Amino acid sequence: MTAIPLETLVTVFGGSGFLGRHVVRALAKLGYRIRVAVRRPDLAGYLQPLGRVGQIHAVQANLRYPASVEAAARGADVVINLVGILFERGRQTFDAVQGSGAEAVALAAAAFGARMIHVSAIGADEHAASHYARSKAAGEKFVLAAVPSATILRPSVLFGPEDDFFNKFAAIARVSPALPLVGGGHTRFQPVFAGDVAAAVVAAIEGRAGEGKTYELGGPEVKSFKELMQFVLATIGRRRLLLPLPFALAKLQAPVLQFMPKPLLTPDQVELLRSDNVVSEAAAREGRTLAALGIDPIAMATVVPSYLWRFRKTGQYGRLTADDGPRIGTE
Ligand SMILES: NC(=O)c1ccc[n+]([C@@H]2O[C@H](COP(=O)([O-])OP(=O)(O)OC[C@H]3O[C@@H](n4cnc5c(N)ncnc54)[C@H](OP(=O)(O)O)[C@@H]3O)[C@@H](O)[C@H]2O)c1
């Protein structure tokens with residue numbers, strides 16, 4: 001199916017989030033009618049400049065309340081689910097949001113005969129030790145049961161101006177003498193630009209992605225966690241100790257850190273860090289990647305310095321010297 005933008009109403013659950021902004025921007029540019037379904041539409045005003053007057057409409061929906069989900073999906077031609085959480089808080093549990101929540105979206109899409117695109121995550125696995133990864137697998141299963149033609153997109157860690165990864169570690173490096181390398185920092189990632197994942201969503205809407213297929217989305221480089229921390233430090237021109245933290249020790253600290261308003265690390269995230277977060281050989285072999293969608297992914301070094309400059313000692317006025325960069329004092 002090739003959608004005609006002006007006649008196509010797309011409901012984007014989670015459209016107010018980090019990836020959501022990139023998806024809404026990409027859809028708006030192509031002329032789609034966009035309904036952004038969020039818990040607090042009154043706080044999503046920042047989406048309006050991404051489209052023309054009246055093109056983007058925010059409505060209230062909470063994935064934990066199926067009636068609100070159904071109301072937000074009513075009349076939509078395409079339903080996109082970008083809702084996810086990294087840690088649990090009160091009723092915002094992994095199962096409620098990423099499991100049954102995803103099911104509620106898919107059932108609503110099925111009820112209205114809408115095409116469905118669901119964003120999951122690399123590592124989704126019903127047998128995983130991490131509850132996050134298990135709930136992502138459950139969500140995928142529910143979605144495909146309700147809408148067998150749904151396209152599932154599983155990205156690796158996302159980067160972009162509002163990301164929660166590079167910004168977080170750069171912020172820690174600004175105030176801390178050391179950065180922790182959980183499990184020695186050997187876990188491998190394949191960071192992918194949020195704009196490229198948004199392009200994959202567009203490809204799926206335009207009928208360029210296989211129906212019922214699961215794509216794994218990674219950027220052009222595979223890097224260990226330690227290499228990513230070295231990249232952050234080199235980018236912000238700071239020298240910090242990279243401190244290996246064995247999994248067992250991280251597991252002891254995480255229960256304390258998880259009670260911060262926005263936890264630095266939870267026991268569940270320690271479990272996630274035990275497995276590599278990269279595109280699988282099977283996905284590459286079977287053409288379930290960005291390349292198969294005709295997308296040439298952008299490199300970290302092209303985008304990340306454009307927003308990490310604010311963590312340099314003198315912001316945009318600082319010049320990087322040969323002395324700047326990571327201090328590897330641990331091997
Ligand atoms: N960021 C990454 O590195 C990464 C990596 C792999 C996969 N993913 C997946 O990509 C998707 C988007 O991630 P992101 O980084 O953009 O996350 P994000 O910035 O935290 O955005 C999540 C969105 O979900 C909404 N949301 C949360 N709970 C909700 C609920 N109960 N009902 C309705 N909406 C709810 C949030 O809105 P409010 O809280 O304002 O209501 C927000 O719009 C998620 O599925 C995530 O698991 C992300």
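Residues that are closer than 30 Å to residue 92 by Cα and open to solvent by 60 Å² or more (accessible area, probe 1.4 Å) within segment 213-254 comprise 213, 246, 248, 249, 251, 252, 253, listed in sequence order. Exactly one residue among 265, 293, 257 is open to solvent by less than 30 Å² (accessible area, probe 1.4 Å) and either in contact with a strand residue (DSSP E or B) (Cβ under 6 Å, 6 or more places away or on another chain) or within 20 Å of residue 175 (Cα to Cα) (or both), and that residue is 265.
Examine segment 147-168 for a residue that is within 11 Å of the ligand (Cβ to nearest atom), touching a strand residue (DSSP E or B) at 6+ places or on another chain (Cβ under 7 Å) and among the small types (Gly, Ala, Ser), and state whether such a residue exists. For segment 147-168, residues within 11 Å of the ligand (Cβ to nearest atom), touching a strand residue (DSSP E or B) at 6+ places or on another chain (Cβ under 7 Å) and among the small types (Gly, Ala, Ser): present. The set of residues in segment 113-135 being of a type outside the set (A, V, I, L, M), touching an Asp or Glu at 6+ places or on another chain (Cβ under 8 Å) and within 14 Å of the ligand (Cβ to nearest atom) consists of 118, 120, 130, 131, 132, 134, 135. Anything in segment 142-168 that is buried (at least 17 other Cβ atoms within 10 Å of the Cβ), farther than 22 Å from residue 20 by Cα and not small (Gly, Ala, Ser)? List them, or say none. Result: no residue meets the conditions.
Looking only at segment 248-291, residues that are in a loop (DSSP other than H, G, I, E, B) and closer than 26 Å to residue 209 by Cβ come to 10 in all. The requirement of being closer than 27 Å to residue 125 by Cβ and free of Cβ contacts under 8 Å to residues at least 24 places away in the same chain is not satisfied by residue 39.
Just one residue in the set 106, 110 is touching a residue at least 12 places away in the same chain (Cβ under 8 Å), within 23 Å of residue 198 (Cβ to Cβ), part of a helix (DSSP H, G or I) and more than 10 Å from the ligand (Cβ to nearest atom); that residue is 106.
Would you say residue 86 is open to solvent by less than 30 Å² (accessible area, probe 1.4 Å), near the ligand (Cβ under 10 Å from one of its atoms) and part of a loop (DSSP other than H, G, I, E, B)? Spelling it out, it is not the case that residue 86 is open to solvent by less than 30 Å² (accessible area, probe 1.4 Å), near the ligand (Cβ under 10 Å from one of its atoms) and part of a loop (DSSP other than H, G, I, E, B). When residue 112 is tested against (1) within 28 Å of residue 208 (Cα to Cα); (2) under 18 Å from the mean Cα position of the chain (by Cα), just one condition goes unmet, and that condition is (2).
With the condition kept exactly as written, say whether any residue in segment 44-56 is under 17 Å from the mean Cα position of the chain (by Cα) and closer than 30 Å to residue 258 by Cα. Among the residues of segment 44-56, not one is under 17 Å from the mean Cα position of the chain (by Cα) and closer than 30 Å to residue 258 by Cα, which makes the answer no. Determine, yes or no, whether residue 237 is among the small types (Gly, Ala, Ser) and out of contact with any Lys or Arg (no Cβ under 7 Å at 6 or more places or on another chain). So residue 237 does not fit the description; no.
In segment 52-66, the residues that are closer than 14 Å to residue 25 by Cα form Cβ pairs under 8 Å with partners that are more than 11 Å from the ligand (Cβ to nearest atom) and among the aliphatic types (A, V, I, L, M), at six or more places apart or across chains, as follows: 52/28; 55/28; 55/34; 56/28; 56/34; 56/50; 57/34. Quick one: is residue 98 open to solvent by less than 50 Å² (accessible area, probe 1.4 Å), under 27 Å from residue 210 (Cα atoms) and within 19 Å of the chain's Cα centre (by Cα)? Considered against the rule, which asks whether it is open to solvent by less than 50 Å² (accessible area, probe 1.4 Å), under 27 Å from residue 210 (Cα atoms) and within 19 Å of the chain's Cα centre (by Cα), residue 98 comes out as yes.
On inspection, residue 310 qualifies as surrounded by fewer than 20 Cβ atoms within 10 Å (Cβ to Cβ), outside any loop (DSSP other than H, G, I, E, B) and charged (D, E, K, R).
When the residues of segment 89-103 are filtered to those that are near the ligand (Cβ under 9 Å from one of its atoms) and touching a helix residue (DSSP H, G or I) at 6+ places or on another chain (Cβ under 7 Å), the one that is nearest to residue 33 (Cα to Cα) is 102. Restricting to segment 169-187, and then to whatever is open to solvent by less than 40 Å² (accessible area, probe 1.4 Å) and in a loop (DSSP other than H, G, I, E, B), can you tell me which residue is farthest from residue 299 (Cα to Cα)? Result: 176. Among all residues of segment 187-201, there is none that is in contact (Cβ under 8 Å) with a residue 24 or more places away in the chain, of a type in the set (Val, Ile, Thr), farther than 21 Å from residue 279 by Cα and out of contact with any Pro (no Cβ under 8 Å at 6 or more places or on another chain).
The values are calculated or read from the model by the stated rules, or taken from the named source; none is laboratory data. Everything quoted here is computed from the prediction, not taken from an experiment. No Cβ is skipped: glycine too gets one built from the backbone with ideal geometry, and neighbour counts run over all protein chains shown. Just so you know, the surface numbers come from the protein's heavy atoms only, side chains and all, with ligands and any DNA or RNA stripped out. Shrake-Rupley method; radii C 1.70, N 1.55, O 1.52, S 1.80 Å.
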